[in-house]
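Scroll down for the structure; my scribbles are underneath it.
Each reported figure results from applying straightforward, stated rules to the coordinates on display, with no laboratory input. Everything quoted here is computed from the prediction, not taken from an experiment. Don't worry about glycine lacking a Cβ; one is built from the backbone with ideal geometry, like all the others, and counts go over all protein chains shown.
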Amino acid sequence: MARRCEICGKGPQFGNTISHAHNVSRRRWNPNLQRVRAVVGKTIRKIRVCTQCLKSGRVQKPAIH
C-alpha cells in the first residue's frame, strides 16, 4: 500500500540530508497521512488522507446520529 493521499495524490518527496561536515545521504519526507472514515460516493469507507486535505475540508466525514 503506497504512502499516498487518496484525495490529492500527495506522496513522499526525496532529497538529501546534509551534515555539518557536508556528508550527503539520501532521505525522504513522507506526507502526514491519517486513516479517516469518510463518505465516498454513498458509502462510508476508511481512506488514507493527508492532513492538508482534512484541514481544507476536501474530505466529507459521515454524520453521527
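Please count how many residues of segment 38-61 are among the basic types (K, R) and not in a loop (DSSP other than H, G, I, E, B).
Within segment 38-61, residues that are among the basic types (K, R) and not in a loop (DSSP other than H, G, I, E, B) number 4.
Which of the residues that make up segment 1-37 are exposed (fewer than 14 other Cβ atoms within 10 Å of the Cβ) and part of a loop (DSSP other than H, G, I, E, B)?
Within segment 1-37, M1, A2, R3, G9, P12, S19, H20, A21, H22, N23, N30, N32 meet the criteria.
Condition test on V24, is it of a type in the set (A, V, I, L, M) and within 30 Å of I64 (Cβ to Cβ)?
no
Within segment 38-65, take every residue that is exposed (fewer than 13 other Cβ atoms within 10 Å of the Cβ) and of a type in the set (K, R) and give me the one that is farthest from G15 (Cα to Cα).
Looking at the filtered set, the residue picked out is K42.
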